[in-house]
Amino acid sequence: MSALNELTISAARDALRAGELSAVELTEDCLAAIEGAGALNAFVHLTPDIARAQAAAADLRIKAGAAPSLCGIPLGIKDLFCTKGVPSQAASNILRGFRPEYESTVTQNLWDAGAVMLGKLNMDEFAMGSSNETACYGNAVNPWKVDGRQLTPGGSSGGSAAAVAADLCLAATGTDTGGSIRQPAAFTGIVGIKPTYGRVSRWGVVAFASSLDQAGPMTKSVRDAAIMLATMASHDPKDSTSADLAVPDFEAALTGDIRGKKIGIPREYRMDGMPAEIEALWAKGTAMLKDAGAEIVDISLPHTKYALPAYYVVAPAEASSNLARYDGVRYGHRAKLGAGDGITEMYERTRAEGFGKEVQRRVMIGTYVLSAGFYDAYYNRARKVRALIKRDFDLAFAAGIDAILTPATPSSAFGLGEMANADPVEMYLNDVFTVTVNLAGLPGIAVPVALDAKGLPMGLQLIGRPWAEGDLLNHAYVLERAAGFVSKPGKWW
Amino acid sequence: MLDHPRARSPEPKVIAGAKSDWELVIGLEVHAQVASNAKLFSGASTLFGSEPNSNVAFVDAAMPGMLPVINEYCVAQAVRTGLGLKAQINLVSAFDRKNYFYPDLPQGYQISQLYQPIVGEGEIIVEMGPGVARHVRIERIHLEQDAGKSIHDMDPTMSFVDLNRTGVALMEIVSRPDIRGPEEAAAYVAKLRQILRYLGTCDGNMQNGNLRCDVNVSVCKPGAYEKYQETQDFSHLGTRCEIKNMNSMRFIQQAIDYEARRQIAIVEDGGKIIQETRLYDPDKGETRSMRSKEEAHDYRYFPCPDLLPLEIEQAWVDAIAGAMPELPDEKKLRFINDFGLSDYDAGVLTAEAENAAYFEKVAEGTDGKLAANWVINELFGRLKKEGHDIGESPVSPEQLGAIVRLIKAGDISGKIAKDLFEIVYTEGGDPAEIVTARGMKQVTDTTAIEAMVDEIIAQNPAQVEKAKENPKLAGWFTGQVLKASGGKANPAAVTELVTRKLGL
């Protein structure tokens, strides 16, 4: 077997257990692939020593016949996760050189399950962005290319998406506040699931918007997503918003049988000016699910049009508060001060130097919408809208809908730098199909379905009932098998 | 509820201005540190006086990705406090973030409860004299995090930060503006402190900053306050100023008095009071402006998304209610009723729970009034003189109880008892054994006393004649006999014998 890094988790798992390959070999192939993929700028901190030690330990566990779910599986970790002793800086200059003395619950769960850490992955700064262009490391690059033009891998989990799509690792962690797993997954032809809010612990993950943030896996297949999510998820007493629920065997839910299930097609997701290709893709996906025996139902989610504005009030509001701790006092960047400078100068200069433009913009928006006199008009109204959006979904599910099918993104991957001079709101429109899911706390998954006319991957999104990730993954599994999406980007890097 | 239904309200403090009389209206926000070994949202220790920055968990230092988890014990303490103030316990409350930048506030926000506090309306009865008490309404109690400490005087160019106090649980206890003078304000704080200490929910050590308060002061013309009381319309009252962070009863009174006079002078001069936050400078004895309403921080409060609403069950509250200690008002009333103590003595003995417990042990199975006298006058007097508190008393309640029982049984006289107390205080030992061993026992044997009486009468015929003419002089014989007995003869028995023998 050459190029072991191209394996899926499930294939590698079976081969490892069968003794057909070793975790060390698998890890070396990934490290070599990363070495050759500098042009993608996906990995921003490499941890080969940790990887080799973990791989060796995994081989021993496999030999001893005690291999847990991810034993020997090499993964990439989004820079937003705190990993003990390893740079964890949320792609921000303000955390330059920060090495936490603790391990996030999610990554600890992965290591406990035998996974191997290859290194940290590029992302938008503090997970704020849809193109990975706000990173302090420079942007990651999509392995898919058109006419020699470099494309965005999407954001904020752009490094994760690029690394998985380019087979630099078997899978990666992502986080999703408004679409940051699903949009980059769709842009790079991979699978990405955001679980129900509370399914995965937020402890040790740098916070963007606490009431929306959820971590999830970004993988090469739906089965891999099921395997990895089951390991990432846990009830964590250290996160008060983590649900005290048992984690089901998601892989066992992949029966491939969705006969009699009701799939909702929300009419409000048919946006003005939606590209015909996306429209066609959506119809194609609908037909696939229908062919698999599901019942297709037109549904209405009437408050959808208010989701994006509500999201861009709630998320920046929470972010403005969450990012207040980056003040130069205890860790991270501190501006050089001159004689006579006081604490105000220290704050102002540290934060001006440490935060990029987009982060500054959102901190300012958030501060504004929470300020006296504007709170009711913005933040409180957004909370009400949020409750209505959740109610829309509750009503749909109460009417018997099992899953909702929508496009994942309004377009395929766009060119890097293309949006540089655009109104920021245009960039925010990337999240139009995904933010509702975060606002409602629901699970959502992006599945690659086809290539567009340019030869770029396009994905669809399935939205599930709360806490029913197993059922959602099963719908995604059916879609994946029907689509038969096997395309890989041509290697140019 | 034990109440003092007949207590009347004290007269409000009146300050004579240059043009007219003025009354004061005062409301207090008391920040009481919750007695708990761990902080409100982290497991770090709350021990006072530790090495700087040694009691700091990752969440206290606001490290990236760290999350708060509520300390159930602190919640129980807040509920206990609410129950102690006969207040509404809110089964659902919620935490909010109060955002501002300061180096001793690592998160950049304080987690507090603005919109839904855990405790609602309650009441504290503040006694201002026998039969006089002010009922002060409590508006709310909420839980919040304390900030750390900034230290600016260790280095000429740098400031230092100690995060040991960061995240320690505070209860903010907010009163309505029902307090009408500086003395009342101090008495309110003292009463609140007493209740908290009884409950064990706050140590109340003001010097350590364990109990601090912000005082809101305004002035109004006589009659205006009553209009406010009728309507609850604040427009009848003057504009208030808030004096921040007071941690001494004396300073509270001085600051209020100064602030009221400052406001009166401004208003009488035709000026307007500006609503603002002020600081009291005890060295200069004055308050000065800290920041005006315009400069006030915009705290951008919003619900803390890291914490779910705090939901507690009635059964849990009931369990806490079932294990409540007896509170000062109840204890005092019981001491008056059961032991026949005066209002004053009962007040002194119940000031601290430890004192009351000591007294009750002394009084066990004997005369409560006598026990109270001995505890207050002899023991407390002596301890105070030597700067000890009750916990350091060399005389145990069992020992003092034994002394009281010896007096009550007539085994020793009051005078001998004082000698005995001195011996027990300085040397220790079992009082009954000391009395026997040192021959201090009072003589009640009438034969022995009779012999002494006969002897004194025989030796003083002239005095006998005088006494027969003026029976009041019989006391002289009693004195002589007691003296001859070395104080051990029972005075009652002697008096009776003297009267009989003299034929009076």
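The values are calculated or read from the model by the stated rules, or taken from the named source; none is laboratory data. If you're wondering where the values come from, they're calculated on a predicted model, not measured in any experiment. Methodologically, a virtual Cβ is constructed for each residue, glycine included, from the backbone with ideal geometry; neighbour enumeration extends over all protein chains shown.
Things to note:
- Taken over the range B:197-251, the criterion of being within 28 Å of the chain's Cα centre (by Cα) and of a type in the set (Val, Ile, Thr) is satisfied by B:201, B:215, B:217, B:219, B:243.
- Output for the range A:208-224, where each listed residue is under 14 Å from residue A:123 (Cβ atoms) and aliphatic (A, V, I, L, M): A:215, A:218
- All of B:282, B:325, B:309, B:303 fail the test of being touching a Pro at 6+ places or on another chain (Cβ under 9 Å) and surrounded by fewer than 16 Cβ atoms within 10 Å (Cβ to Cβ), apart from B:309.
- Per the listing A:198, A:204, the residue uniquely over 15 Å from the mean Cα position of the chain (by Cα), surrounded by 24 or more Cβ atoms within 10 Å (Cβ to Cβ) and within 14 Å of chain B (Cβ to nearest Cβ) is A:204.
- When the range B:88-109 is limited to residues that are out of contact with any helix residue (DSSP H, G or I) (no Cβ under 6 Å at 6 or more places or on another chain) and more than 11 Å from chain A (Cβ to nearest Cβ), the one that is farthest from residue A:320 (Cα to Cα) turns out to be B:88.
- For the range A:446-473, the tally of residues that are among the polar types (S, T, N, Q) and out of contact with any Lys or Arg (no Cβ under 9 Å at 6 or more places or on another chain) stands at 0.
- Selection within the range B:332-360 - closer than 17 Å to residue B:84 by Cβ, touching a residue at least 60 places away in the same chain (Cβ under 8 Å) and part of a helix (DSSP H, G or I): B:333, B:353
- Residue selected from the range A:244-297 under the condition among the charged types (D, E, K, R) and assigned to a loop (DSSP other than H, G, I, E, B), by the criterion surrounded by the most Cβ atoms within 10 Å (Cβ to Cβ): A:261
- Cβ pairs under 6 Å, 6+ apart, first in the range B:54-72 and more than 7 Å from every other protein chain (Cβ to nearest Cβ), second not in a loop (DSSP other than H, G, I, E, B): B:55/B:45; B:71/B:38
- Check on residue A:196, more than 24 Å from residue A:484 (Cα to Cα), among the polar types (S, T, N, Q) and outside any loop (DSSP other than H, G, I, E, B): no
- In summary, residue A:105 fulfils each of the numbered conditions (1) more than 14 Å from chain B (Cβ to nearest Cβ); (2) in contact with a Ser or Thr (Cβ under 9 Å, 6 or more places away or on another chain); (3) within 23 Å of residue A:191 (Cα to Cα) with the single exception of condition (1).
- Some residue of the range B:38-47 being outside any loop (DSSP other than H, G, I, E, B), within 14 Å of another protein chain (Cβ to nearest Cβ) and surrounded by 20 or more Cβ atoms within 10 Å (Cβ to Cβ): no
- Candidates A:98, A:126 - the one that is part of a helix (DSSP H, G or I), of a type in the set (Phe, Trp, Tyr) and over 30 Å from residue A:16 (Cβ atoms): A:126
- Looking across A:238, A:220, one residue alone is over 17 Å from residue A:170 (Cβ atoms) and of a type in the set (D, E, K, R). It is A:238.
- Residue match in the range A:351-359 (condition: farther than 18 Å from residue A:178 by Cα, without any contact (Cβ under 8 Å) to a residue 24 or more places away in the chain, aromatic (Phe, Trp, Tyr) and more than 9 Å from chain B (Cβ to nearest Cβ)): no
- If you go through the range A:326-344 and keep only what is at pLDDT 95 or above and either over 27 Å from residue A:101 (Cβ atoms) or touching a His at 6+ places or on another chain (Cβ under 9 Å) (or both), you end up with just A:326.
- Failed criterion for residue A:403 (all others in (1) at pLDDT below 95; (2) among the hydrophobic types (A, V, I, L, M, F, W, C); (3) in contact with a helix residue (DSSP H, G or I) (Cβ under 9 Å, 6 or more places away or on another chain) hold): (1)
- Filter pass, residue B:260 being under 18 Å from residue B:185 (Cβ atoms) and more than 14 Å from chain A (Cβ to nearest Cβ): yes
- Total residues in the range B:50-80, condition under 24 Å from the mean Cα position of the chain (by Cα) and either of a type in the set (Asp, Glu) or closer than 17 Å to residue B:37 by Cβ (or both): 7
- Selection of the range B:285-300 for residues being surrounded by 10 or more Cβ atoms within 10 Å (Cβ to Cβ) and of a type outside the set (Gly, Ala, Ser) yields B:286, B:287, B:288, B:290, B:291, B:293, B:295, B:297, B:298, B:299, B:300.
- Considering the range B:115-162, the qualifying strands (runs of 3 or more DSSP E), each wholly inside and each with 2 or more residues that are within 14 Å of chain A (Cβ to nearest Cβ) and either at pLDDT 95 or above or crowded, with 18+ Cβ neighbours inside 10 Å (or both), run over B:160-162.
- The range B:414-460, subset β-branched (Val, Ile, Thr) and free of Cβ contacts under 8 Å to residues at least 40 places away in the same chain, residue surrounded by the fewest Cβ atoms within 10 Å (Cβ to Cβ): B:447
- Just so you know, in the range A:64-102 the residues that are within 12 Å of chain B (Cβ to nearest Cβ) and among the β-branched types (Val, Ile, Thr) include one that is farthest from the chain's Cα centre (by Cα), and it is A:94.
- Residue identified as part of a helix (DSSP H, G or I), facing chain B (nearest Cβ under 8 Å) and among the aliphatic types (A, V, I, L, M) among A:324, A:310, A:315: A:324
- The residues on offer are B:286, B:326, and the sole one that is of a type in the set (D, E, K, R) and modelled with pLDDT of 95 or more is B:326.
- So residue A:422, is it over 17 Å from residue A:316 (Cβ atoms) and outside any helix (DSSP H, G or I): yes
- Any chance residue A:239 is acidic (Asp, Glu), in a loop (DSSP other than H, G, I, E, B) and within 13 Å of chain B (Cβ to nearest Cβ): yes
- Contact map, the range A:469-492: first residue closer than 21 Å to residue A:162 by Cα, second residue aliphatic (A, V, I, L, M) and part of a loop (DSSP other than H, G, I, E, B), Cβ cut-off under 8 Å, separation 6 or more or different chains; pairs are A:489/A:166; A:491/A:166.
- Every condition in (1) of a type in the set (Ser, Thr, Tyr); (2) touching a Lys or Arg at 6+ places or on another chain (Cβ under 8 Å); (3) closer than 27 Å to residue B:324 by Cβ holds for residue B:109 except the one numbered (3).
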